[in-house]
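Here is the structure we will look at.
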Amino acid sequence: MPDSADDPAHSGEEIELRAPVLSDGAALWRIAEGTGVLDVNTPYAYLLWTRDFATTSVIALVDGRPAGFISGYLRPSDPQTLFIWQVAVDSEFRGRRLASRMLADVVARSGARRLETTITADNTASIALFTGLARDHDAEITRSDLFTEDLFPAQQETGEHHAAEDLYTVEPLRSS
Ligand SMILES: CC(C)(COP(=O)(O)OP(=O)(O)OC[C@H]1O[C@@H](n2cnc3c(N)ncnc32)[C@H](O)[C@@H]1OP(=O)(O)O)[C@@H](O)C(=O)NCCC(=O)NCCS
């Protein structure tokens, strides 16, 4: 449902949060690419996401313009766990709680009791985002090793590896 912005600086703006549809796939790819920091997947991957994982994903539209998205899925081996894959907000729309609102929306729609995501140690904004979710749910947030640096392929030119992606778990999530 469309909603007005809480922030007085952007009052009058219409914010819509909804499950993405096929025709949003290209926008998801564009937003991911525009961050300059996310691992950008193929346009095909985002189309596939809008087809098969829409109910555990969200797109934010500000005055009808795609402004951010979250992609997630319920783990096949544990459907009570929502795994959040990518979170992106276009730079123009950052710092006004769009990511927090998208996360609350997708968590509520998923009905999951537990959330998992991976974050690199340098991503303070992302750590703050998921810590905020834990706070809102009176839940625990814990960190452990998952995709360590050595599991990633070395880049051909530099020999460098992708930074370690630590596993963050938030539970229990309230179901409403
Ligand atoms: C991470 C990102 C999605 C946050 O989007 P956003 O809409 O600006 O975030 P919000 O306004 O909802 O803020 C969420 C929390 O992060 C904090 N935060 C936001 N930007 C921050 C920054 N640059 N540095 C430190 N904290 C930051 C906010 O203060 C808030 O914490 P609080 O609840 O304790 O006040 C956005 O910066 C982004 O797209 N970054 C590039 C892609 C990325 O790194 N994605 C995450 C990994 S998948």
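List of remarks:
- Annotation: amide H-H contacts under 5 Å for residue 68 (H modelled 1.01 Å from N, sequence separation of 5 or more, or interchain): 60, 90.
- At q = 0.14, 0.15, 0.22, 0.24 Å⁻¹, base-10 log of I(q)/I(0) for the range 120-176 (Debye sum, equal scatterers on each alpha carbon): -0.49, -0.54, -0.85, -0.93
- Cβ-based net charge around residue 25, under 15 Å, with every Lys or Arg adding one and every Asp or Glu removing one: 0
- Accessible area of residue 140 (1.4 Å probe, protein heavy atoms only, ligands and nucleic acids ignored): about 120 Å².
- For the chain, the Kirkwood radius over C-alpha pairs fed into Stokes-Einstein at 4 °C and 1.567 mPa s yields D = 77 µm² per second.
- Options 19, 72, 127, ranked by Cα towards positive dipole end of the range 2-171, top entry (Cβ charges): 19
- Counting heavy atoms of the protein chains alone, residue 161 has an accessible area of about 80 Å² for a 1.4 Å probe.
- Globularity ratio of the range 53-152, using Cα Rg and 2.2 N^0.38 Å: 1.08
- Electrostatic bookkeeping for residue 137 treats Lys and Arg as +1 and Asp and Glu as -1; over the other residues with beta carbon under 12 Å from its beta carbon, the sum is 0.
- Summed residue charge, Cβ within 13 Å of residue 35's Cβ, Lys/Arg positive, Asp/Glu negative: -2
The values are calculated or read from the model by the stated rules, or taken from the named source; none is laboratory data. What you see is a predicted model; the values in this text were computed from it and never measured. Neighbour counts are summed over all protein chains in view; Cβ atoms, including those assigned to glycine, are modelled from backbone coordinates with ideal geometry. Accessible surface is based on the protein model in full, side chains and every heavy atom, while ligands, DNA and RNA are left aside. Shrake-Rupley method; radii C 1.70, N 1.55, O 1.52, S 1.80 Å.
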